[in-house]
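Visitor: Once you've had a glance at the structure underneath, I'll fire off some questions.
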Amino acid sequence: MKKITIALSLCAALALTASAAAKKEIPPASKKAGVTFDKDIKPIFEKSCVECHGEKKQKGKLRLDTLANTLKASENGKSVVPGKSADSSLVKAVARLVEDDAMPPEGKGKPLTAEQIGLIRAWIDQGAK
């Protein structure tokens, strides 16, 4: 009986963990079209990202201050895969899906909101133009 209780507890813990991970994934914004870098994305990056990923400093060789720089590869490869936000490491980082890659890092700034992440996803899904 003790083994069954432990097994059930383990299954419940795994289910909660999977549920929490699923809740972290944020869908693209419902804005049908017209999400642009300059109007929608650049203000998010200016507020939350360019201090470490801008003209003066490029941690991880990632620069997010212009569209051209955002689309260039960082030391870890391309962070934006146009048309595929779910495959873009930038989305995974700002959505904090992987603790070690979470941006901004814990204690280094306020995480992006679900709305902001949704806009970034919509922009990428629309071709990152």
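The values are calculated or read from the model by the stated rules, or taken from the named source; none is laboratory data. This one's a predicted model, so the numbers in the text were calculated from it and none came from an experiment. Cβ sites come from the backbone with ideal geometry, for glycine too, and all protein chains shown count toward neighbours.
Visitor: From 68, 73, 86, 93, grab the single residue that is of a type in the set (Gly, Ala, Ser), within 10 Å of the chain's Cα centre (by Cα) and more than 13 Å from residue 28 (Cβ to Cβ).
Guide: 93
Visitor: Exactly one condition in (1) touching a helix residue (DSSP H, G or I) at 6+ places or on another chain (Cβ under 6 Å); (2) without any contact (Cβ under 8 Å) to a residue 12 or more places away in the chain is not met by residue 56; state its number.
Guide: Of the numbered conditions (1) touching a helix residue (DSSP H, G or I) at 6+ places or on another chain (Cβ under 6 Å); (2) without any contact (Cβ under 8 Å) to a residue 12 or more places away in the chain, the odd one out for residue 56 is (1).
Visitor: Ok, one more. Consider region 31-56. How many of its residues are buried (at least 16 other Cβ atoms within 10 Å of the Cβ) and not in a helix (DSSP H, G or I)?
Guide: So the count comes out to 6.
Visitor: Regarding residue 74, is this residue touching a helix residue (DSSP H, G or I) at 6+ places or on another chain (Cβ under 8 Å) and without any contact (Cβ under 8 Å) to a residue 40 or more places away in the chain?
Guide: yes
Visitor: Does residue 88 qualify as being hydroxyl-bearing (Ser, Thr, Tyr) and touching a residue at least 60 places away in the same chain (Cβ under 8 Å)?
Guide: Spelling it out, it is not the case that residue 88 is hydroxyl-bearing (Ser, Thr, Tyr) and touching a residue at least 60 places away in the same chain (Cβ under 8 Å).
Visitor: While we're here: Just the residues that are assigned to a helix (DSSP H, G or I) and farther than 15 Å from residue 38 by Cβ, please, taken from region 57-89.
Guide: Within region 57-89, 59, 60, 61, 85, 86, 87, 89 qualify.
Visitor: May I pose another question? Which of the residues that make up region 87-100 are surrounded by 14 or more Cβ atoms within 10 Å (Cβ to Cβ) and not polar (S, T, N, Q)?
Guide: Applying the first criterion (surrounded by 14 or more Cβ atoms within 10 Å (Cβ to Cβ)) to region 87-100 yields 88-97.
Within region 87-100, 90, 91, 92, 93, 94, 95, 96, 97 qualify.
Visitor: Right, residue 128: assigned to a helix (DSSP H, G or I) and within 23 Å of residue 33 (Cα to Cα) or not?
Guide: no
Visitor: If you take the residues in region 25-50 that are farther than 9 Å from residue 120 by Cβ and small (Gly, Ala, Ser), which one is modelled with the highest pLDDT?
Guide: 48
Visitor: Please find, within region 62-78, the residue that is surrounded by the fewest Cβ atoms within 10 Å (Cβ to Cβ) out of those that are more than 19 Å from residue 47 (Cα to Cα) and either of a type in the set (Gly, Ala, Ser) or in contact with a strand residue (DSSP E or B) (Cβ under 7 Å, 6 or more places away or on another chain) (or both).
Guide: Among those residues, the one meeting the criterion is 77.
Visitor: Scanning region 104-120 for residues that are at pLDDT 95 or above and either of a type in the set (Val, Ile, Thr) or not in a helix (DSSP H, G or I) (or both), which turns out nearest to residue 77 (Cα to Cα)?
Guide: In this case the residue turns out to be 120.
Visitor: Only residues that are of a type in the set (Gly, Ala, Ser), over 19 Å from residue 129 (Cα atoms) and out of contact with any helix residue (DSSP H, G or I) (no Cβ under 7 Å at 6 or more places or on another chain): list them for region 78-107, please.
Guide: Once the filter is applied, which keeps residues that are of a type in the set (Gly, Ala, Ser), over 19 Å from residue 129 (Cα atoms) and out of contact with any helix residue (DSSP H, G or I) (no Cβ under 7 Å at 6 or more places or on another chain), region 78-107 yields only 107.
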